[in-house]
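Heads up, the thing below is written out as structure tokens.
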Amino acid sequence: MPTPPVKYPKSRRSSGKPPVRKGEGNNGGAPTPPTDQSWRGILLASLTILMVILLYYAMIHPSVVQEEMTQTRLFDLIKQGKVESIVNETDPSTNQHMLTGTYKHPVSNVPNSPEVLGAFKVPIDVEFDRYIPSELKEAGYTKIVETQANNNWIWPLVSGLLPVVFLVGIFYFLFRQQIRMAGKSAFSFGKSKARMMTRDRNKVTFKDVAGIDEAKEELSEIVEFLKDPRRFQKLGGRIPKGVLMIGPPGTGKTLLAKAIAGEADVPFFSISGSDFVEMFVGVGASRVRDMFEQGKKNAPCLIFIDEIDAVGRSRGTGMGGGHDEREQTLNALLVEMDGIETQEGVIIIAATNRKDVLDPALLRPGRFDREVRVNLPDVRGREQILQVHTRNVKIAKTVDLGLIARGTPGYSGADLANVVNEAALLAAKRNKDEVTQPELEEARDKVRWGRERRSMAMTEEEKKATAYHEAGHALLNVVLPNTDTLHKVSIIPRGPALGVTMYLPEKDRITNWKKELLDRLIVIMGGRVAEEIFLGDVSSGASGDIQMATSYAKAMVCEWGMSEKLGMVQYGDDSSMNFFGRDVGGARGYSEKTAESIDAEVLQLVNSAYDRAKEIINVHREAMEKITLALLEYETLDGKHIKDIIEHGHMLTPPPAPLPPPSNPTPKEPLPVNPPVKPQEDDGGLLPGLPAPA
């Protein structure tokens, strides 16, 4: 039975942008500020002024504790001239009489210490009351003020409580403002943090996405479905409920989501997987329900969940129990995506680079109907990505982006964007008006291996050893038939490597052939063999060679079935992406005898490649010597220079002289002398476009 078409308001189809709803606008869906903010500011200002007045009153009228003293001492103080004021107070309710006032007294018992103002209180009886004026006059004091005792307790209470109330109010308003700014109001912990993106703020479209045409096409179908659903529903089709984007980091998954938001004429909500889970129990599930409730109110709409593996990991894994906050959040997400009360019109688009850890219930059709793979771009895709990132960069007309694309296999879109940016910075540093080919190649090498270290202190013996090492890789790469084109060789330290040998593939490798892998193993062995033949010793600089050769040989035996003895059997599972809960108690899947056979086959492949490399280098000893001398003189040689030496015995067009090493340090103070540097382990590789280990 065909699914009934979803009804859309006419204004949404005819308008060029989605209608503005409550809480939606140029602020990206943030709630409209309330209208009562003005009176709150006025109240806060009034309280501040009142507090200042009270503090000023307290400063000019300090509250002094009254000291109860005897009449004799009072008369003594009057005779000494210490009394400042006397008040004759009468309490009408009790008919109690007392003399109050102020007097001067020293701060301490130390002689000549400063005097301060104190207060006194002298109780008197009725009989003495009529003799007070005469007695005081005889003592030398005549200014007596008659008054009644103040029994008003309201003002002291108010004046004591007002500062406390003021401070509490200040802390309340500040704390509430901080909570509101953080989006964590005490009554909104369970509210969704999904942010609505509008066309006014998001300028990214599908034109800004390159190198992943298949993924872009699949997601553009979702946008077309939302814009014109009848075109797809007339044959009984229904809108997909969910799309899961899978791919390595930096391949453009989040960029695709922004492009969808820029293209879609429907509300688009964006949220991260980590925004669901909080320190309070039940908050994640509540936020999931609130997010879908907002989606249903704005249906049809798109909800993008970035890094969904933060809440979508498999249940029942790991060492802990199964009843935790994350699993409750996942259960709520599963129910909302395809449960009893599921409604049409809310499409979930999620992104992750860890599909292997996601729960199977989350991956089934009905929740995520499509899986869009966003892989690393191929050589054509890399060139398109470079063209996109160089739109706003001044590039010279002679720049060959195709050459840069060939030299960046394995680069993601983020890596290529970094290459273009580094090239622009390098051109600006060199005071150039535009970016040229050398800056792009330098930026490519810098992103891959690091910056050149021309000032690194290397002895002549170390430079000679590095030159022989790289010459061995370069010569074997040119002589052997099943290798890629040699691009350049350099003995300039870069990153952790003392030298690099780089070659460019004509096209991306999709499959690995046995004859190509065997020649690659021989090229890997070239550095160690050259050291052994020409220097009579070996160094630790070939550790990267050994690691790479072992990985290739193990893959040929255990994964690709290229061993005649062990046959086409896979030994061991790929556990590189598994996590702790799946690894506990796991077995490797083969016996000890088979393990010994695997080790023997790996060793046989490596030894055969070593013997073959030694044989070829012995045949071309003269060319090896000339390549080494050229490297010591020029430091960097192109692939054509190496070919000229092998074919003609000399370079037909020698490269320009190398730059001298920096002699004067940039800082004003001289730099400390570096200790002798030992040869470092090589960090290179012989994957397409990567250097041979130094």
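Read-outs throughout are calculated quantities, based only on the coordinates presented, and are distinct from any laboratory measurement. Remember, it's a predicted structure, so these values are computed and weren't measured experimentally. FYI the Cβ positions are ideal-geometry reconstructions off the backbone, even for glycines, and counts take in every protein chain you see.
Sorting 372-385, 612-625, 591-604 by their mean Cβ neighbour count within 10 Å, with the most densely packed peptide first, gives 372-385, 612-625, 591-604. Modelled spin labels at D433 and T511, positioned 7 Å past Cα toward Cβ, are 5.2 nm from each other. Between M245 and A350, A351, T352, V372, the built amide H atoms are under 5 Å apart, and every one of these is 5 or more places off in sequence or on another chain. In terms of overall dimensions, the C-alpha atoms belonging to the stretch 355-436 reach 57, 22, 19 Å along their principal axes, ordered largest to smallest. One chain, two ends: R451 and H650. Fully extended at 0.36 nm per residue, the span grows by 68.6 nm beyond their Cα-Cα distance.
Of the peptides 632-644, 353-365, how do they stack up when ordered by the mean number of other Cβ atoms within 10 Å, highest first?
Details: 632-644: 19.0, 353-365: 16.2.
Packing order, densest peptide first, comes out as 632-644, 353-365.
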